[in-house]
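Worksheet for the structure shown next.
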Amino acid sequence: MKESMDINSILNAAIKREEEAYKFYKDVAERMDNKAVREAFQQFAEDELGHKDFLKNCLKDPSLLKNLPVPKDYKVAEATEAPLLSVDMKPADAMALAMKKEQEAAEFYLKLAKTAVNSQYQEAFRGLANMELDHKTRIEALFVGIGYPEVF
Amino acid sequence: MTNSIQELKDAELIFVIGSNMTEGHPVVSYYVKQAVKKGATLIVTDPRKTDLTRWATHHVQIKLGSDIAYINGLMNEIFKNGWADETFIKEHTENPDDIRKWVQAYPVERASEICGVPVDKMKEIARLLGTTKSAAVCYTLGITEHICGTDNVKTLANLQMVLGNLGRPSAGLNPLRGQNNVQGACDMGALPNVFHCYQPVDDPKVIEKMEKAWGVTGLSNKPGYKMPTMLRKALDGGTKILYCIADNTVQTEPHMAHTIKELKALELFIVCDIFPNLTTQYAHVIFPDYAWGEEEGTFSNTERRVQRVRGALKPPAGCRPSWWILQELGNRLGVDLRFTSSRAIYEDMRRTATSYAGITYDRIEEQGLQWPCPTLEHPGTTFLHKDGNFSRGKGLFSKTDWVPPAEVPDAEYPFALSTGRRLWHYHTATQTRNSVGLENLFPEELLEIHPQDAARLGIKSGDMVKAKSRRGEIVLKAWVTERSAPGLCWTSFHFEEACGNVITNDAFDPVTETAEYKACAIKIEKVKSAETPMIDLHRQARP
């Protein structure tokens with residue numbers, strides 16, 4: 001019972017992080033000049049809400065976290081410099097910023113998994129890390145499709 | 001290419017325009033033929049009846065240089081019938097109202113008058129494009145080698161956005177590059193305005209990055225000249241020295257007599273090449289270079305695939321790799337470029353690369369990778385613009401209007417001439433005419449002329465004819481054939497003794513400075529009757 005309660009506090013903390021991420025993306029979206037960038041940040045905000053819903057479901061059934069597949073990690077975010085946040089960001093920079101944030105979130109959970117006191121907590125943190133990695137990988141795929149244009 | 005070559009075999013519809021791919025890109029044409037065998041619709045739009053038209057559901061024989069009117073007319077019809085991909089347009093483009101308005105100026109009736117395609121045929125092509133779920137567009141130099149080449153490409157981009165054919169497999173906008181490694185040359189920064197991987201020379205951050213990586217200061221942040229400007233400036237002293245690597249400039253630039261004048265005006269002209277050719281005649285210094293079968297390195301093909309090439313033959317005595325020649329030249333000028341091998345140079349490039357950063361010699365030992373490949377873990381990218389995303393965010397429709405070629409037929413020069421390439425020879429044939437087999441298969445240049453025109457001028461296949469433009473004249477053998485439409489002639493630039501570029505027009509696209517090789521005006525006169533009937537012409541000229 002105690003373990004279940006502790007898993008719940010992990011999930012509640014994660015839900016809070018998703019809410020903060022949602023607020024960050026939503027606030028940023030409102031300030032963007034480029035419509036496409038605005039929409040990209042709105043989409044990232046929606047994605048965070050999706051994560052929040054998923055985590056709420058995990059509160060009811062923590063085993064959901066175990067079933068998350070381990071995504072392929074191409075480490076594009078790791079190889080990309082974080083762009084500065086500005087109102088006139090280009091779409092590729094917006095995606096670079098978002099994938100860096102997802103990278104940080106995944107690293108945060110992986111670090112917790114390493115220091116977790118028992119296997120159940122480790123699994124929970126790894127599951128959360130996989131959720132963030134999956135989001136990072138999806139944003140990286142979008143970034144790669146537009147971030148390296150030919151120019152003349 | 002936004003997409004990959006092999007994806008073409010799974011396309012539902014392939015729209016080929018300005019591309020004689022059977023001869024210019026035979027490997028790509030293989031996949032197109034595979035798609036046709038599987039039931040794909042193939043629409044070939046070309047002023048000539050190229051070999052690929054035998055595989056086509058429709059051959060649309062447009063007038064030379066009328067592409068914009070034709071495509072805008074198709075878009076007009078697509079909108080009119082509600083065949084546009086409205087979801088894609090709404091979600092992934094910036095200015096959909098503009099394109100709807102712009103193409104209204106091209107109802108099919110008007111477009112038909114300009115491009116010469118019957119109205120019913122245009123409507124049918126629009127229907128096929130508009131009602132097929134996904135279509136790939138392939139184009140080549142027939143689109144880009146016009147004074148409106150940039151607008152031609154933009155018009156095709158408009159079409160693919162209207163149809164929602166970007167960001168998905170077996171679709172996209174697919175330029176088939178003119179040579180096997182022209183993509184690689186551009187990727188490596190053989191352009192006047194960018195370093196490797198298209199990093200702009202006028203971006204202070206890029207300059208800082210390169211200076212730090214190479215341990216130098218004072219890199220120029222000024223874009224250089226494009227090739228036509230480089231050559232033009234030789235005449236007023238703006239270009240004094242030209243270092244030319246493996247480009248037979250005299251034979252490849254339009255208006256050969258003018259090119260020679262420009263090269264003669266240089267104070268120093270250095271050429272690196274593998275055989276003597278028309279251009280080496282004007283060089284003050286010739287450096288004997290390695291050929292492709294002797295050199296180590298990489299080629300990057302039209303689908304962005306970086307592939308290893310290896311030296312298979314021992315080079316002739318005295319020849320050196322291009323990089324070695326540059327290194328030695330640098331040494332004598334007091335600059336150590338620190339080039340030690342092709343592999344080391346590649347690694348040096350990769351350290352500061354973006355889209356190539358994940359591609360190492362080891363990773364492509366057996367099979368190439370397609371850029372963007374930004375990390376060592378990344379598998380490469382088969383198609384770009386996933387989910388309809390673009391570098392600027394949403395796709396921007398561009399306004400394009402038809403303009404005629406810079407030079408059109410008139411009373412004095414009544415024929416249009418277009419030029420291109422043949423299966424049997426490569427570029428200026430510096431290599432292929434040194435191959436006994438290929439030279440036997442196609443030993444001399446021909447001028448295609450339609451039977452109606454030939455009959456009027458009393459010309460038969462095999463007769464020697466003079467083709468003359470305002471810039472020069474060539475004498476070559478006539479080939480009377482329906483491959484070219486009435487009023488249109490065609491030849492190549494492979495043969496120095498009868499090179500199409502003696503007579504082509506040095507009018508250029510204002511953005512890319514690509515010459516209008518595909519359209520000029522000529523007159524034709526018979527010089528000498530054939531001594532023997534040319535029964536083999538058909539076999540020789542048509543693959």
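The values are calculated or read from the model by the stated rules, or taken from the named source; none is laboratory data. From a predicted model like this one, the values you see are computed outputs, not experimental measurements. We place every Cβ from the backbone using ideal geometry, glycine too, and count neighbours over all the protein chains shown.
The residues of region B:363-407 that are free of Cβ contacts under 8 Å to residues at least 12 places away in the same chain, under 25 Å from B:PHE299 (Cα atoms) and within 14 Å of chain A (Cβ to nearest Cβ) amount to a single one, B:PRO379. Whether any residue in region B:497-504 is in contact (Cβ under 8 Å) with a residue 40 or more places away in the chain and surrounded by fewer than 20 Cβ atoms within 10 Å (Cβ to Cβ) is what I want to check. Yes, region B:497-504 contains at least one residue that is in contact (Cβ under 8 Å) with a residue 40 or more places away in the chain and surrounded by fewer than 20 Cβ atoms within 10 Å (Cβ to Cβ).
Could you go through region A:108-123 and let me know if any residue there is in contact with a Leu (Cβ under 9 Å, 6 or more places away or on another chain), on the phi < 0 side of the Ramachandran plot and either within 14 Å of chain B (Cβ to nearest Cβ) or small (Gly, Ala, Ser) (or both). Yes, region A:108-123 contains at least one residue that is in contact with a Leu (Cβ under 9 Å, 6 or more places away or on another chain), on the phi < 0 side of the Ramachandran plot and either within 14 Å of chain B (Cβ to nearest Cβ) or small (Gly, Ala, Ser) (or both). Among the residues of region B:400-437, which ones are under 17 Å from the mean Cα position of the chain (by Cα) and aromatic (Phe, Trp, Tyr)? Answer for region B:400-437, where residues must be under 17 Å from the mean Cα position of the chain (by Cα) and aromatic (Phe, Trp, Tyr): just B:TYR426.
Within region A:77-93, one or more residues are touching a strand residue (DSSP E or B) at 6+ places or on another chain (Cβ under 7 Å), surrounded by 14 or more Cβ atoms within 10 Å (Cβ to Cβ), more than 18 Å from A:GLU123 (Cβ to Cβ) and not basic (Lys, Arg).
Selection of region B:341-355 for residues being touching a strand residue (DSSP E or B) at 6+ places or on another chain (Cβ under 7 Å) and either within 8 Å of chain A (Cβ to nearest Cβ) or not polar (S, T, N, Q) (or both) yields only B:TYR346.
Just one residue in the set A:ALA79, A:ALA92, A:ALA98 is in a helix (DSSP H, G or I), of a type in the set (A, V, I, L, M), closer than 21 Å to B:CYS373 by Cα and facing chain B (nearest Cβ under 9 Å); that residue is A:ALA92.
Those helices (runs of 4 or more DSSP H) of region B:137-194 in which 2 or more residues are over 16 Å from the mean Cα position of the chain (by Cα) and either modelled with pLDDT of 95 or more or more than 11 Å from chain A (Cβ to nearest Cβ) (or both) occupy B:149-162. Residues that are in a helix (DSSP H, G or I), more than 15 Å from the chain's Cα centre (by Cα), within 11 Å of chain B (Cβ to nearest Cβ) and within 20 Å of A:ALA98 (Cα to Cα) are absent from region A:42-56. It is to be established whether one or more residues within region B:187-196 are over 30 Å from B:ALA40 (Cα atoms), surrounded by fewer than 19 Cβ atoms within 10 Å (Cβ to Cβ) and without any contact (Cβ under 8 Å) to a residue 12 or more places away in the chain. Within region B:187-196, one or more residues are over 30 Å from B:ALA40 (Cα atoms), surrounded by fewer than 19 Cβ atoms within 10 Å (Cβ to Cβ) and without any contact (Cβ under 8 Å) to a residue 12 or more places away in the chain. Would you check if B:THR87 is surrounded by fewer than 23 Cβ atoms within 10 Å (Cβ to Cβ), under 21 Å from the mean Cα position of the chain (by Cα) and assigned to a helix (DSSP H, G or I)? So B:THR87 does not fit the description; no. Checked against (1) surrounded by fewer than 22 Cβ atoms within 10 Å (Cβ to Cβ); (2) closer than 27 Å to B:LYS518 by Cα; (3) of a type outside the set (Gly, Ala, Ser), B:CYS138 passes all but condition (1). Residue pairs whose Cβ atoms lie under 7 Å apart, separated by 6 or more positions or on different chains, with the first residue in region A:51-74 and free of Cβ contacts under 8 Å to residues at least 40 places away in the same chain and under 13 Å from A:LEU133 (Cα atoms) and the second small (Gly, Ala, Ser) and not in a loop (DSSP other than H, G, I, E, B), do not occur.
When A:THR80 is tested against (1) within 23 Å of A:LYS52 (Cα to Cα); (2) among the polar types (S, T, N, Q); (3) touching a residue at least 60 places away in the same chain (Cβ under 8 Å), only condition (1) is not met.
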